[in-house]
Amino acid sequence: MRFGIDLGGTKTEIMALAADGGVALRRRIATPKDYDSLLRAVAELVTGADRQLRTRGSVGMAIPGSESFGSNLIKNANTTYLNGKPLGADLEKILQRPVRLANDANCFALSEASDGAAAGASTVFGVIAGTGVGGGVVIGGKVLGGAHGIGGEWGHIPLPAPTIEEVTTAPLCYCGRRGCLEVWCSGPGLAADFKRATGRDAAAEEIAASAGNEERAAMDRLIDRFARAMATMVNILDPDVIVMGGGLSNVERLYRDLPPLVEKYAFNLGTSPRIVKNMHGDSSGVRGAAWLWPEKKS
């Protein structure tokens, strides 16, 4: 039995997956407010699942950050009390079993590559576009973490092939740089772009749903920026499938308009990779955490 845990900003979830990918158990709790409370809560979730299912499951966890290679301390976590902590080692000590950690975007990509919208594909690029922009890469069924644990973090590449206007108006990103993809292609980035162009406030969902000329123009700019960034990743990874998640993945225009633009901007493709919506929705992170432990082959 595989146990997956998804550590989010407001909720923490455990899911138990059977060998066939079916859900044997699922439980959510409010995410604790400090590190020691989190360790206790995760221990209770896992031991409770052990008892209920009468098995000792493997444990994988999706986290909003990554492990520093070498020290295995957590870095870049939005849940800031995790930063600098040996989360994996502490959980292994408490649970008395190995624990595998991965960035939540990587777990999203792994879930969709394992038994989701990209099942059976050799190379998968998972895109999360919502409040922020993140990504994960799965090759041959395994997450590509990279030498420093930041594989797939395309949200902090500069927007490719910027126009003069994009260069001069590039917003400041929370990471301290200007013009990161995240400030252009996230939900808040879309809203900010719309306000710069029109002087009006509107949420990303309103802009995407509107038939107004100014809203359509904002969506055209968003999709063109996404296509340039995707083409850059396609030139490097040449994925079979790009799977989209996050709030913006619900915009149906993306799946119609992105493929020809990605093909236009990428290098000599001949055809665009498949660009598809996720299958598992907000369960992708926890399912991917469970899939961090692949099926044992006899």
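Of everything in region 195-205, what is surrounded by fewer than 18 Cβ atoms within 10 Å (Cβ to Cβ) and not acidic (D, E)? Give them in sequence order.
Result: K195, R196, A197, T198, G199, R200, A203.
Given the residues A289, A208, A229, which is the only one that is crowded, with 18+ Cβ neighbours inside 10 Å, touching a Leu at 6+ places or on another chain (Cβ under 7 Å) and at negative phi?
A229
Starting from region 158-171, take each residue that is without any contact (Cβ under 8 Å) to a residue 60 or more places away in the chain and in the same structural domain as A229 (by TED's automatic domain parsing) and list its partners that are surrounded by 16 or more Cβ atoms within 10 Å (Cβ to Cβ) and part of a strand (DSSP E or B), counting only C-beta distances under 7 angstrom and pairs at least six apart or across chains.
Close Cβ pairs (under 7 Å, with a partner that is surrounded by 16 or more Cβ atoms within 10 Å (Cβ to Cβ) and part of a strand (DSSP E or B)) amount to P158/C180.
Residues E182, E165: which one is outside any loop (DSSP other than H, G, I, E, B), more than 12 Å from the chain's Cα centre (by Cα) and crowded, with 18+ Cβ neighbours inside 10 Å?
It is E182.
Go over the candidates A197, A217 one by one and state the one that is more than 27 Å from E263 (Cα to Cα), among the aliphatic types (A, V, I, L, M) and over 24 Å from the mean Cα position of the chain (by Cα).
After ruling out the rest, the residue left standing is A197.
Consider only pairs whose beta carbons are under 8 Å apart and that are at least six residues apart or on different chains; among these, list those whose first residue lies in region 254-283 and is under 11 Å from A231 (Cα atoms) and whose second residue is assigned to a loop (DSSP other than H, G, I, E, B) and polar (S, T, N, Q).
L258/S272; P259/S272; P260/S272; V262/S272; E263/T271; E263/S272; A266/S272
For I223, are the conditions met, namely being hydrophobic (A, V, I, L, M, F, W, C) and surrounded by 15 or more Cβ atoms within 10 Å (Cβ to Cβ)?
yes
Can you work out which of the residues in region 238-254 that are assigned to a helix (DSSP H, G or I) and out of contact with any strand residue (DSSP E or B) (no Cβ under 6 Å at 6 or more places or on another chain) is surrounded by the most Cβ atoms within 10 Å (Cβ to Cβ)?
Here the residue is L254.
Within region 141-156, identify whether any single residue is of a type in the set (D, E, K, R), at pLDDT 95 or above and either more than 29 Å from V241 (Cα to Cα) or surrounded by fewer than 16 Cβ atoms within 10 Å (Cβ to Cβ) (or both), and answer yes or no.
Scanning region 141-156, I find no residue that is of a type in the set (D, E, K, R), at pLDDT 95 or above and either more than 29 Å from V241 (Cα to Cα) or surrounded by fewer than 16 Cβ atoms within 10 Å (Cβ to Cβ) (or both), so the answer is no.
Condition check ((1) at pLDDT below 95; (2) closer than 28 Å to G8 by Cα) across all residues:
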| site | (1), (2) |
| --- | --- |
| R221 | no, no |
| D224 | no, no |
| A229 | no, yes |
| M244 | no, yes |
| L261 | no, no |
| F267 | yes, no |
| E295 | yes, yes |
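Looking for something surrounded by fewer than 22 Cβ atoms within 10 Å (Cβ to Cβ), over 16 Å from L87 (Cα atoms), small (G, A, S) and within 21 Å of the chain's Cα centre (by Cα) - is there at least one such residue anywhere in region 29-43?
Yes: region 29-43 contains one or more residues that are surrounded by fewer than 22 Cβ atoms within 10 Å (Cβ to Cβ), over 16 Å from L87 (Cα atoms), small (G, A, S) and within 21 Å of the chain's Cα centre (by Cα).
Report, by residue number, each residue of region 197-227 that is outside any helix (DSSP H, G or I) and of a type in the set (D, E, K, R).
R200, D201
Looking at D220 and the list (1) without any contact (Cβ under 8 Å) to a residue 40 or more places away in the chain; (2) closer than 19 Å to I128 by Cβ, which single condition is not satisfied?
Result: D220 fails condition (2) only.
State all residues of region 1-46 that are in contact (Cβ under 8 Å) with a residue 40 or more places away in the chain, more than 20 Å from I74 (Cα to Cα) and part of a helix (DSSP H, G or I); if no residue qualifies, say none.
L45, V46
The values are calculated or read from the model by the stated rules, or taken from the named source; none is laboratory data. Not measured: the values here are computed from a predicted model. For neighbour counting, all protein chains shown are included, and Cβ atoms are generated from backbone atoms with ideal geometry for every residue, glycine included.
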